[in-house]
Structures are given as structure tokens and as C-alpha cells.
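To keep things clear, I will list the structure first and then write my remarks on it.
The values are calculated or read from the model by the stated rules, or taken from the named source; none is laboratory data. Keep in mind it's a predicted model, so treat the numbers as computed, not measured. Methodologically, a virtual Cβ is constructed for each residue, glycine included, from the backbone with ideal geometry; neighbour enumeration extends over all protein chains shown. Note: areas computed on protein heavy atoms with side chains; ligands, DNA, RNA excluded. Shrake-Rupley method; radii C 1.70, N 1.55, O 1.52, S 1.80 Å.
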Amino acid sequence: MFEWWHWMVLGLCLSMAELLVPAFFIVWFGIGALGVGIVLLFAPALSLATQLLLWAGLSTVLVAVWFRHFRPRTMTSVGTSAASVAGEVGLLVSDITPEIRGHVRFQKPILGSDVWECYAETAIKAGARVSIVTVEGNFIKVKETK
């Protein structure tokens with residue numbers, strides 16, 4: 001049977017282990033263990049199965065709350081999926097034909113860059129407004145926008 005201080009030591013050890021694994025994930029299991037230690041201070045007759053269930057539940061809730069509500073939102077346009085930029089409109093910088101690639105400039109950066117090398121299935125003159133059809137590696141396929 002675990003005593004309250006066993007859980008406190010486990011919680012501190014897990015929290016310190018976060019220093020070795022900088023994923024900010026193990027700390028929630030440590031805080032869950034500290035929570036079980038505090039509960040055992042007030043209810044020392046809990047069975048081991050109840051303690052383990054309480055620890056798993058607290059840890060799961062803390063991880064879920066972290067990832068759902070409090071995790072820093074650091075995703076930038078570089079982390080945006082290619083599918084989400086389809087339809088973005090830019091200005092064609094150089095003429096393109098089905099055989100010759102050109103460049104398109106966007107008002108705001110698309111996937112981390114405001115100028116992209118592009119190609120199209122039809123010939124389009126420089127200065128035309130084009131929209132993204134798809135992103136294919138380092139190139140984008142565009143079509144003329146009316």
C-alpha cells in the first residue's frame with residue numbers, strides 16, 4: 001500500500017524527469033501523482049486500485065486540458081497544410097506557359113514565402129491575377145482568375 005508521501009516523491013521525480021525530456025508531457029503525470037498524494041492526506045484508506053485509477057484519471061484530465069486549452073498556439077503559416085491555401089490569389093510576376101514556369105507574388109506569405117515558382121496548364125501573361133490550384137512540392141499550380 002502506498003502512503004501519501006510515496007505519491008509526492010513520485011510526483012516530484014516525474015516532474016523533474018521533464019527536464020530530461022523537453023516535451024512538456026511528463027510533468028502532467030507528476031502533477032497527477034502530487035494530486036493523489038494530497039488526496040491520500042485526507043483519505044488514507046483508499047485502496048491501491050483506487051489510487052492508481054485516480055492518478056490515471058487526474059493525469060488524463062490534465063493532459064487533455066493542456067492540449068485543448070492552454071498549449072501555446074505557435075503554429076505559423078509555415079505549419080499550414082497545403083490544402084488550406086487552395087484558392088489564394090496572387091499576382092503573376094512573369095509570363096508562364098505549359099512548358100515554362102514563372103513566379104507569382106502573394107500579398108501575404110503562403111506557406112512561409114510570398115513569392116512562389118509556379119506553372120499552369122495554359123499560357124498566362126505577367127500581371128494577371130492567378131489563384132492556387134494545388135501545391136506540389138516546391139511549386140504551385142495556378143489558374144487565371146477573372
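Residue-wise test of (1) part of a helix (DSSP H, G or I); (2) among the hydrophobic types (A, V, I, L, M, F, W, C).
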{"site": "PHE2", "(1), (2)": "no, yes"}
{"site": "TRP5", "(1), (2)": "yes, yes"}
{"site": "LEU10", "(1), (2)": "yes, yes"}
{"site": "CYS13", "(1), (2)": "yes, yes"}
{"site": "TRP28", "(1), (2)": "yes, yes"}
{"site": "GLY32", "(1), (2)": "yes, no"}
{"site": "VAL39", "(1), (2)": "yes, yes"}
{"site": "LEU52", "(1), (2)": "yes, yes"}
In this structure, does LEU46 turn out to be open to solvent by less than 50 Å² (accessible area, probe 1.4 Å) and assigned to a loop (DSSP other than H, G, I, E, B)? yes
Could you tell me which residue of the stretch 29-50 is nearest to VAL63 (Cα to Cα), considering only residues that are of a type in the set (Val, Ile, Thr) and in contact with a Gly (Cβ under 9 Å, 6 or more places away or on another chain)? ILE31
Quick one: is PHE67 part of a helix (DSSP H, G or I), free of Cβ contacts under 8 Å to residues at least 40 places away in the same chain and buried (at least 17 other Cβ atoms within 10 Å of the Cβ)? no
Can you confirm whether THR60 is modelled with pLDDT of 80 or more, open to solvent by 80 Å² or more (accessible area, probe 1.4 Å) and either assigned to a helix (DSSP H, G or I) or of a type in the set (Gly, Ala, Ser) (or both)? yes
Given the structure, is PHE24 exposed (fewer than 12 other Cβ atoms within 10 Å of the Cβ) and closer than 24 Å to ARG68 by Cα? yes
The lone condition ARG101 fails out of (1) open to solvent by 40 Å² or more (accessible area, probe 1.4 Å); (2) closer than 13 Å to VAL135 by Cβ; (3) modelled with pLDDT of 80 or more is (2)
Yes/no for LEU41 being out of contact with any helix residue (DSSP H, G or I) (no Cβ under 9 Å at 6 or more places or on another chain) and open to solvent by 70 Å² or more (accessible area, probe 1.4 Å): no
Just one of VAL36, VAL133, VAL78, VAL93 is closer than 30 Å to VAL9 by Cβ and either modelled with pLDDT of 90 or more or open to solvent by 60 Å² or more (accessible area, probe 1.4 Å) (or both); which is it? VAL36
